[in-house]
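Everything below concerns the one structure shown next.
The values are calculated or read from the model by the stated rules, or taken from the named source; none is laboratory data. Since we're looking at a predicted model, the values are computed, not measured. A quick note on method: Cβ atoms are made from the backbone with ideal geometry, for glycine too, and the neighbour counts reach across all protein chains shown. The accessibility values were calculated without ligands, DNA or RNA, using every heavy atom of the protein model including side chains. Shrake-Rupley method; radii C 1.70, N 1.55, O 1.52, S 1.80 Å.
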Amino acid sequence: MRPKTCVVTGASKGIGRGIAERLGADGCDVVVNYRSSEAAAAETVDRVEAAGGSAIAVQADVTNLAEVEAMRDEAHESFGPVDVLVNNAGITQDVRFTEMSHEEWDTVLDVHLDGTFHCTQAFYDDLADAEEGRLVNISSIIGKEGNFGQANYATAKAGIFGFTRTLALELASTGSTANCVAPGFVLTSMVEELPDDIKETIRADTPLGRLGTVEEIADVVTFLASDRSSFITGEVIDVNGGKDL
Ligand code: NAP
């Protein structure tokens, strides 16, 4: 892939770290965004550099527009305009609907939807002006299928589908694209904290018989971020071991 300047939100660990590292292996400049895990973000920077790229860690809570705009300014100062934005930052607050507080609803929607809105607004002009800019949003199989105890998360992840298709239409005249990756279950801290019997049920329900790896998601994101995906826009790419079959 032609080396690009990339921003990956929520890149201190998990899938975001894997995406940052994989982009680094393609020689990209990577802005490693995090909210609170400073030391982990510094480790991601080391891994991106060891892989062959350049990186800086930038703290910004994606729910806070001022912090996101400051991150954009820092990205510009270090690397210049951004070609690739990966909206990956995410959280869960699982509780069955009848017990869900408005705060638990808002908190999850704020990170996934407001966060995606803020970051895309902040970097929209860069993506539109880039030679083949790339917006890649990380949704989830849960946005399609729903899941017990995840009304907030499923709603947020379903919203990402409509957002992506709309941005694909609005960016199209610039030659830039917007796509979405919908992972199945991947062994990160988000899933590790689930009880073992639930993880076993997920494995049993997945035709390929296992959870996904961070690298398997990062490979697809990096393809969408590259010039090789130039005629794909507005799509949701499922990476879930056949779990929705
Ligand atoms: P993870 O290991 O828990 O990592 C989450 C990342 O998001 C961390 O870097 C965290 O930073 C960051 N983050 C959280 N809130 C933030 C905020 N307000 N502002 C900026 N950064 C924030 O999660 P993951 O499993 O890698 O998930 C990454 C994405 O993939 C999420 O969108 C998730 O919904 C999606 N996904 C995951 C799975 C899965 O099975 N793991 C499946 C489908 C989709 P700090 O540590 O600094 O807070």
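Kindly evaluate Thr120 against the criterion of being open to solvent by 60 Å² or more (accessible area, probe 1.4 Å), farther than 30 Å from Ile202 by Cβ and among the hydroxyl-bearing types (Ser, Thr, Tyr).
No; evaluated as a whole, the condition is false for this residue.
Restricting the first residue to the stretch 194-211 and requiring it to be over 8 Å from Gly241 (Cα atoms), which pairs with a second residue that is open to solvent by 90 Å² or more (accessible area, probe 1.4 Å) meet a Cβ separation below 8 Å and a spacing of at least six or different chains?
Note: pairs meeting the criteria are Arg203/Arg210.
Check the stretch 19-27 and report whether any residue there is touching a residue at least 12 places away in the same chain (Cβ under 8 Å) and within 18 Å of Ala122 (Cα to Cα).
no
Need the failing condition index for Ser101 against (1) touching a Cys at 6+ places or on another chain (Cβ under 7 Å); (2) away from the ligand (no atom under 16 Å from the Cβ); (3) not charged (D, E, K, R), just the number.
The one condition Ser101 does not meet is (1).
Can you confirm whether Thr222 is away from the ligand (no atom under 12 Å from the Cβ) and within 15 Å of the chain's Cα centre (by Cα)?
Considered against the rule, which asks whether it is away from the ligand (no atom under 12 Å from the Cβ) and within 15 Å of the chain's Cα centre (by Cα), Thr222 comes out as yes.
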